[in-house]
Amino acid sequence: MRLILLGAPGAGKGTVAKLLTAMDGSVQISTGDILRAAVKAGTELGKKAEAAMKAGELVSDDLIMGIMKERLQEADCKNGYLLDGFPRTIPQAEALKGLLLEIGDELDAAVNLNVPRDVILDRLTTRRTCVDCGAIYNVKSNPPKEEGKCDKCGGAVVQRDDETEEAISKRLDVFTEQTAPLVGFYEKEGLLLDINATSSDAVVESIRAHLAK
Ligand code: AMP
């Protein structure tokens, strides 16, 4: 499957993507994960992205399109992909449309995960992430077996730098201003699948049913 996962930070895009990859061998492509790995490794890309990320702002469209143009042409994309956190602005969505035409790929749907703001805030402040493999935990509902240590790879499970109260609030504002308009964009493209997304398992089921049609 080839899907875009739209939704506010904390809507469950990453969790849903991980569940979906297990279904058909498609790969999860998270621009946030790619950028965090670049920051950790201290690469040129990481240096360019770090300040914006820490403040909860968006990295430039040019930088993101450079990453995605390469990434979407890698061999593992042949079985499909789940775009998690990309596109995030109308210019990125327009550029993605051009890129897909160029490489001869077509999307199955742009899935919008709708989650109430109070649920989002609670999830973001209690979310913890493995610095090595990106596994997602929650201190209340899904803590790692051993505190601070990833069940899957043993890496350190921490709160992301951009999950301070200030950065979270900024990320939600940026989402409303720059990313929420993508729902209208994909509706016009005839690709929108709007889902009430309080439970990730129910989301996966709705997507499966939609694709089977
Ligand atoms: P995420 O893990 O998707 O919440 O992304 C974390 C941060 O990485 C965002 O707050 C942005 O600073 C940056 N980022 C990730 N994806 C994008 C994108 N498509 N466009 C611009 N910035 C991005």
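The values are calculated or read from the model by the stated rules, or taken from the named source; none is laboratory data. Given the structure is predicted, the values throughout are model-derived calculations rather than measurements. Positions of Cβ are backbone-derived with ideal geometry, glycine not excepted, and every protein chain shown enters the neighbour counts.
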- Applying the selection to region 75-104, what residues are within 15 Å of the chain's Cα centre (by Cα) and in a loop (DSSP other than H, G, I, E, B)? G85, F86, P87, R88, T89
- Item | Close pairs (6 angstrom Cβ cut-off, 6 or more residues apart or separate chains): in contact (Cβ under 8 Å) with a residue 40 or more places away in the chain in region 144-163, charged (D, E, K, R) and within 16 Å of the ligand (Cβ to nearest atom) anywhere | D161/K54
- Tell me, please, whether a residue that is at positive phi and within 16 Å of the ligand (Cβ to nearest atom) can be found in region 134-145. yes
- Query: Restricting the search to region 4-53, which residues are farther than 27 Å from I207 by Cβ, in a helix (DSSP H, G or I) and free of Cβ contacts under 8 Å to residues at least 24 places away in the same chain?
  - Reply: A38, V39, A41, E44, L45, G46, K47, K48, A49, E50, A51, A52
- Kindly indicate which of G85, G56, G80 is in contact (Cβ under 8 Å) with a residue 40 or more places away in the chain, within 14 Å of the ligand (Cβ to nearest atom) and within 19 Å of A17 (Cα to Cα). G85
- Given the structure, is C153 touching a strand residue (DSSP E or B) at 6+ places or on another chain (Cβ under 7 Å) and part of a loop (DSSP other than H, G, I, E, B)? yes
- Which of the residues belonging to region 49-100 are within 19 Å of L172 (Cβ to Cβ) and not hydrophobic (A, V, I, L, M, F, W, C)? K54, G56, E57, D84, G85, P87, R88, T89, Q92
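Quick one: which of T129, T179 is closer than 20 Å to L113 by Cα and touching a residue at least 12 places away in the same chain (Cβ under 8 Å)?
Of T129, T179, the one residue that is closer than 20 Å to L113 by Cα and touching a residue at least 12 places away in the same chain (Cβ under 8 Å) is T179.
Of these, L45, L72, which one is more than 8 Å from the ligand (Cβ to nearest atom), surrounded by 17 or more Cβ atoms within 10 Å (Cβ to Cβ) and more than 18 Å from the chain's Cα centre (by Cα)?
On inspection, the qualifying residue turns out to be L45.
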- Item | For I29: the one exception among (1) within 9 Å of the ligand (Cβ to nearest atom); (2) farther than 20 Å from D173 by Cβ; (3) at pLDDT 95 or above; (4) not charged (D, E, K, R) | (1)
- Scope region 174-210; condition in contact with a Leu (Cβ under 7 Å, 6 or more places away or on another chain), modelled with pLDDT under 90 and not in a helix (DSSP H, G or I); matching residues: A197
- Task: Run G184 past the list (1) touching a Pro at 6+ places or on another chain (Cβ under 6 Å); (2) closer than 22 Å to F86 by Cα and report the number of the one that doesn't hold.
- Result: (1)
- Task: For G25, indicate whether it is small (G, A, S), surrounded by fewer than 20 Cβ atoms within 10 Å (Cβ to Cβ) and within 16 Å of A95 (Cα to Cα).
- Result: no
- Message: I need a count of the residues in region 149-201 that are among the small types (G, A, S), surrounded by fewer than 19 Cβ atoms within 10 Å (Cβ to Cβ) and more than 16 Å from the chain's Cα centre (by Cα).
- Response: 7
